[in-house]
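To start, the structure itself, in structure tokens.
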Amino acid sequence: MTFKKLMLASVMAAAFGGLYGCTEGDKTSVLIEGDTTTNNGGSGSDSGGTTTVSENCPDWASAKNKDASGNDVCALPSTIMEDRTLTRDIVWYLQDRVTVGNGNGEMSATEGELANGGAVQNVTLTIESGTQIKGKKGTFANLLITRGSKITAVGTAAAPIVFSSDDDDYTGSGEWGGLIIGGYGRHNECDDAATACNVDGEGESGFAGGYSADDNSGSLEYVIVTEGGYEFAPGDEINGISLVAVGSGTTMDHVQVNANSDDGIEFFGGAIHAKHLVLTGNLDDSLDWDEGFQGNIQYVIVKQSADTFGTTIEADTFGTDAFLSKPVVANATFIGGAGASDPNFIHNMKEGTGGFIVNSILSVDSSSTTDPACIRVSDDAKANISAQTLVYHNVILDCSYDSTLGFDSSSLFMVSADLNASYASGAAEAQLSSPIDWTAFNGTYPESTADASFLDATDYIGAVDPNASSAWYSGWILDGSL
Amino acid sequence: MRRFAVQHIAAAALSCYAVAAHADDELVVYVFQDGAPAAGLTAALDGGAPQIVGNDGSVVFDLGEGAHRLVLSRDDETLHVLRFNAASGQYVDVNVALSAHGQPRDSIERYFDAESAVERAEAPKGSVSGLVTQDGAPLAGATVGVRGAAAAVQTDASGRYALRLPRGHYTLVIQHDGNGAAATSDVRIVGNIDKHENFAIGGSAGDDGIAEIVVSSSLQPRAFEENERFATNVIDTLGIEELARYGDSEVSASVLRVPSVTVQDDRYVFIRGLGGRYVTTTLNGATLPSTDPSKRTVPLDLFPSNIVSQLDVRKTFIASMPGESTGGNLVINTRSFPQAAAGKLSLTLGYIPGLTGDDVASDPSRNFTSDLLGWDHGNRDVPGGVEGIAAALEYSDEYSDNVQQELRRVGGILLKDHLDLDRTTATPKLSFGANYGDVYGFGGGEFGFFVAGNYKNGWSQRDKGVARTYSAGGSGNAYDDFDFVESSNDIDASGLLSLGLNLGANTFQANTVVSRVTENRVRVSQGLDGDSAFQSYRYTIDWIERQFLSQQLLGEHVLGAGGRFTVNWQLTGSQARRYAPDRREVRFDLREGDDVYNLQVPNLLRRYDDLTDNNVDGALDFAYKFEPTDFGVATLSFGAQAIHRKRDADSQSYGYDGGLQSGVDDNAPNRLVSDVLTVDNITGDPGTGFAFQDKTQPSDSYEAELDLDSAWLSYDLMFLERYQIVLGGRYEHYRQTTDTFQLAGDQSAVRSVIDENTFLPTLSFNWFIDDVQQLRFAATRTVSRPDFKETSNAVFYDQEFNFRVRGNPNLKISKVTNLDLRWERYWSENESLSVALFYKDFTDPIERVVQAASGTAGNSRTFQNADSAYLYGVEVDTRRNLAFGDAGRNAFVAFNGSYIDSKVKLDGGDARKLQGQPDYTVNLVLGYDDVPTAQQLTLLLNQNGKNIVDVGVSGRPDVIEEPRLKLDLNYKINVVENFAFKAKVGNLLNSKIEFTQGGKVFQRYETGVELEAGIDWKF
């Protein structure tokens, strides 16, 4: 450590105009020359000059310098243990991890009571519509909502809530962390309600999990998360939104994750129900579930990055095989990446996953030169096809389909998706003769987890109704992202 | 303690010094027929010319190193044949009792003249007695003493004297104040032999004493005195003879020959199925720091066998041992100076078919000359400037984006070299060893030294490797499925300098040990990555230097009259260091779209590790032997020890960020990093190219300290000549602190502390049923404690096994109750059978368990105090000589085996056996000696039962190490007396090393058959 400081001193001492490094034997000098303008306050400006300290920060946040536009910038404290509201008149700054509540400590067998005897603090973080939250670029800055605590981030189409890095734009990836929510929901590492459930969570977020399938960790409405996915450990990036055992009492509607270095949204167990998801330009998988996730998701548009490593869905059960991951995904449009480096499949169903993909479209970007496989099912998930826990129903497969997988092909349509500018399908098969009856669906597939009270009975295939005058995503997502 | 009570004569001061070397009488044989000296028999050694047993029953021989065969005959009738081994420079005393009514019995005592006061005090004793006359009349009041020692007696009124001394060489000095004359006589005392030496002091004929040699001798009660049988606890000893015979180059390979001992990764010892925190290692009485970041265990491949004089595996706890010796205490004693100037050179060449001479992947930073000794000469340092740039980027707020980008660009350029694999030819393994020692006598004492150096340079491999993982589901197909080949250039260098000073009742020794093991390892894997479903080609390049340094000062003192009070002390400073600069991890994935490998730039990592343990250990031990009574003999021992250890662990990791969105071409059709990481592509901006990234984790570096202060007391009573009871206790104060930083969040400092006191009682009881049978029982308490990282609240990545470890600050120390029962039966000096039963009961045992985890935290472990555990087992050890018709040929068979079972009850009710515990261990050694042609052939066989190397994660089965039959064949011939040729075929069957999970291959590789040939030259 001492050595580093010395090196730093020698680097700083030479900080002018341009930068050179040269190494000669053991001797190294690094000379930085050039503009000495700095990012005071880290609010993301190269123009410099403005060093006015923000005036309107509440006493529980720390004032940073105002940003280039003159907005107040207030840094959130590293822990939030009381109910707080983030108001839209301030740019809220994440210097590092901000932890809401203490439910990520080790829990006793009684939810709400920590193993060390302390009580879980049930804290609500409210975020007003139109609020900007910015993570420090180049760090693992992230917002962590722990078990028992809630986030109430309710934006509007006109004024969505935006999480991003603290630079000027909304492009780039891996620049900051992301949003992590832990709940008391079910996780297949915890199968015995008599014992404490403590699942060591994604992104070094502490413990999550429990036995309350209807856990309510708050609301995310009209929320955008972009530029996240910082690599916090070698080879480990963080997802845009990580949901660890978040239950069905939680609301998620109109949420976009854009250009994340890792997955867009990853569900680790839990049973959250979500509608209106837009996952764009994410570098790993867009939709990822594991460890016994059994939520319902309806209206999803996935457009993979052209430079992706991942697939539109990467799905696992393991964890353990105590209970399967088998969510219902309805009215989704999956558009695989176009790059030559893309994997040659669009859905990656593996590690024993189940799932019900209904009224959906699998396609590739129109510029694609390859014809990827629609679905890869790994050996350990294949048994779920015949067990009817892995089901594709009313799905347009505009890609290469391997019929030997053994799916019931009577409701699979190997036709062009023919997507229009609103991502609605022009295919005749996209128009169903009648709305889907979820109760009947559950009758046909007894293992289905479809919640008829949550899912709409749509009569079309794809995320967008071919007959709608406008798409539900327009107006609130990031410009140019779709 | 003595098997037989010291009976009458006041023990003389036990001195340790040698008289001039007796080059031609290394072997002294006493033969008795029904209690009387068996004069007139003939004795022949190794088929040589027979010699006549003298009137006193003795005969002497010159003796060389190796296996020997002694034949006693009368008129061509062979009465008794005796086989034994001797090391170079060893003295051997043999007593044989022939009986008209029963089997002949024999005992063998081997020793070096250069031994410490205490060693000699423990040795069997003989006596010398006789009559001193002057001018034919008994001389009363003459002093008969031992040169250089306090021992002296006066002749009684009838001119008689008697001195009881440990076996060895002495010069008696006879002096009578009346006339001032001094006479001297060299005598060799043999254990349990009363030697008669009468002295006639001439009148005016000069000062020289005229010794009238032995009039008669008498045999004392039979003794079978040998280390194992006189120990109060259960010890398995490997002496210098066995170490030489087994031909293992490292201590870790040698200890495998001991019952119930297994070795993991060729370096970590498990005793009775217990490893890690349950085994302690001491070097000449001092504790050792470890070079392993995640274990307290000392890796034993650091210690070459040829600097070791004796290895003891002590399986029963006694109060003088470290309190954590639940499985046992491995005692390494290094060699000391010889009794006369002697040296040895040895040279060995090794060849592995399928590796040596072949072209193998190698480290691009390799430099034949500068790497030759195993020290990295800066080739693998962090590229100059990178640390500075990483430090500067921590303060990125202070710079504009342009400056940051420029820093990340230059950092990236500095970091991009030496990442492509090189190729080289695997050279034969060359081992060179030399040692030399000498001794100088001076008035009243002697000074000696021993210096040894070893160097080894060669290649090893893990060939035909398979590494797989499995899903929790039952499909049975591999998830990750890789083939790998690993080749490593191994460079070992070690040295020992031992200086000794014997001043009568005081012995001083200074030992300097330097030992280094360097591995330059390249592992290339290719296969399917289960997560991404891509074909992947990966390699890692490691350079790992492990070094052990120690400087010891040891002293032994015999105090007070009668030599009843002995003091032992040691002060040791030691350092263990693991320096692993520039581990490189490179991964290329094959994308099916274009069938071209792409460099996975974000996965590329260069890591620099440096871990240093500094250890100071001081101990002071006392022993007081009470005046023997008719009832028995008692000894009170007590001592104190203080250990301070400090660890500094530093780690830095660097790599790259970006490239994904930038459209930069990461195609690497030739799988060359240099095709992708070019100056043009490293833009410093992840949006347009690649940029330098500091990937160091806050918890990668930590500091830790421990203080262990202990005091112990032991009372040992031998009574009624048949029973021995030892009662003792050890008190330990332990304090350990670990300082690191939170991995996520505010990265604040985290400190964990353990501070506790423990009292550990011991009780052992030995019953010497008869001359040839013994029964031992012991009940003891030991302790086990968490290691540095295990109690830290911070999360660590275990780089070795690639899993995430969450420490547990609530860990408690664990207590263990041990019960031992052992029966021993001896047929002769080297024929015996022992059967031992052991049971251990653990309270709050510390176990590594799976941490339920999600996503990136998956594959996590943590530590837990399990509810309880027990372990029990039986071990058998036997050695018999095989009758061979043809004279001049010997054979023996040695077998040991153990069966062990255990159960640990975990939180939540699960139970399984302890990790690392094999179901059984088996060793079989077949030895064959052709004495006339000085040839020796040894076949060694080792196999251990299944053991759990890692518990299964999330419902997956445990990872099991499968049994593996290891067969070695050693051959040695003494071409001429000082010149030997030796050959070895190691791992004759080339058995695969295999780990399975649920019956399917988890990892498998083979290391190849090792052929070795070499020479030893003594001078």
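None of the figures in this text is laboratory data; all of them are computed from the coordinates on show. Note that this is a predicted model, so its numbers are computed, not measured. Here the Cβ positions follow ideal geometry from the backbone for every residue, glycine too, while neighbour counts run over all protein chains shown.
For A:Lys326, the lysines whose Cα comes closer than 16 Å to its Cα, not counting residues fewer than 8 places off in the same chain, are A:Lys350, A:Lys382. Partner shielding of A:254-261 amounts to 1, given as the average count of beta-carbon atoms from other chains within 10 Å of each residue beta-carbon.
In terms of other Cβ atoms within 10 Å, A:Met107, A:Met349 run from fewest to most in the order A:Met107, A:Met349.
Averaging the inverse of every distinct alpha carbon separation and then flipping it gives the Kirkwood radius. What is it for region A:285-482, in angstrom units? Provide the component values of the computation, followed by the final result.
Details: mean 1/r = 0.0597 Å⁻¹.
Its Kirkwood hydrodynamic radius stands at 16.8 Å.
The magnitude of the dipole of the protein assembly as shown, with charges of +1 and -1 set on the Cβ of Lys/Arg and Asp/Glu and taken from the Cα centre, is near 4860 debye.
For region B:921-979, what mean projected area does the convex hull of the alpha carbons give, in nm²? Mind showing how you got there, number by number?
Numbers: hull surface 22.0 nm².
Computed as one quarter of the Cα hull surface, the answer is 5.5 nm².
In region A:178-320, Rg over Rh equals 0.96, where Rg is the alpha-carbon radius of gyration and Rh the Kirkwood radius from pairwise Cα distances. Report the local net charge at B:Val753: Lys and Arg +1, Asp and Glu -1, summed over other residues whose C-beta lies under 12 Å from its C-beta. Residues near B:Val753 contribute -3 overall.
Derived value for chain B: Kirkwood hydrodynamic radius 31.4 Å. Basis is the mean of 1/r over every pair of different alpha-carbon atoms. Around the Cα centre of region A:285-482, unit charges on the Cβ atoms of Lys, Arg, Asp and Glu (plus for the first two, minus for the last two) sum to a dipole of about 240 debye.
Between the helical axis of A:2-13 and the longest alpha-carbon principal axis of chain A there is an angle of about 70 degrees. Set the bar at 24 Å for Cα to Cα. Now go through B:Lys789/B:Lys992; B:Lys646/B:Lys812; B:Lys946/B:Lys1000; B:Lys315/B:Lys429; B:Lys315/B:Lys1018; B:Lys946/B:Lys972 and name every pair that lies beyond it. Exceeds cut-off: B:Lys789/B:Lys992; B:Lys315/B:Lys429; B:Lys315/B:Lys1018; B:Lys946/B:Lys972. Farthest towards the positive end of the charge dipole of chain B, among the residues B:Tyr278, B:Ser127, B:Val360, is the Cα of B:Ser127, using unit charges on the Cβ of Lys, Arg, Asp and Glu. The residues B:Phe838, B:Phe863, B:Phe759, when put in order of fewest to most other Cβ atoms within 10 Å, stand as B:Phe759, B:Phe863, B:Phe838. All other residues whose Cβ lies under 15 angstrom from that of A:His254 are scored, Lys and Arg at +1 and Asp and Glu at -1, for a net of -2.
What average count of beta carbons from other chains do you get within 10 Å of the Cβ of residues in B:403-415?
Details: counts 13, 5, 1, 9, 5, 2, 2, 7, 3, 0, 1, 5, 0.
Rounded to a whole number, the mean comes out at 4.
Taking the number of Cβ atoms within 10 Å of each Cβ as an exposure proxy, the fewest-first ranking of B:Trp569, A:Trp60 is A:Trp60, B:Trp569. Give the angle, between 0 and 90 degrees and rounded to the nearest 10, that separates the Cα long axis of helix B:401-414 from the longest principal axis of the Cα atoms of chain B. Roughly 50 degrees between the two axes.
Evaluate peptide B:381-390: per residue, the Cβ atoms of other protein chains within 10 Å of its Cβ; return the mean as an integer.
Numbers: counts 2, 1, 3, 10, 12, 5, 7, 13, 8, 3.
Across B:381-390, the average partner-chain Cβ count within 10 Å equals 6.
The residue list A:Thr87, B:Ser701, A:Ile180 was ranked by how far each Cα lies along the charge dipole of the protein assembly as shown toward its positive end, using unit charges on Cβ atoms, and B:Ser701 comes out on top. Positive contributions from Lys and Arg (+1) and negative ones from Asp and Glu (-1), summed over other residues with Cβ under 15 Å from the Cβ of A:Asp456, come out at -4. The simple spin-label model puts a point 7 Å past each Cα toward its Cβ; for A:Ser62 and B:Ala1013 those points are separated by 7.3 nm. Treating each Cα of the protein assembly as shown as one equal point scatterer and applying the Debye formula with no solvent, the log10 of I(q)/I(0) at q = 0.07 Å⁻¹ comes out as -0.84.
Just to be sure I follow: if Rg is taken over the C-alpha atoms of chain A and Rh is the Kirkwood radius over the same atoms, what is Rg/Rh? It would help to have the intermediate numbers written out before the result.
Values: Rg = 23.5 Å, Rh = 23.4 Å.
In chain A, Rg relative to Rh is 1.01.
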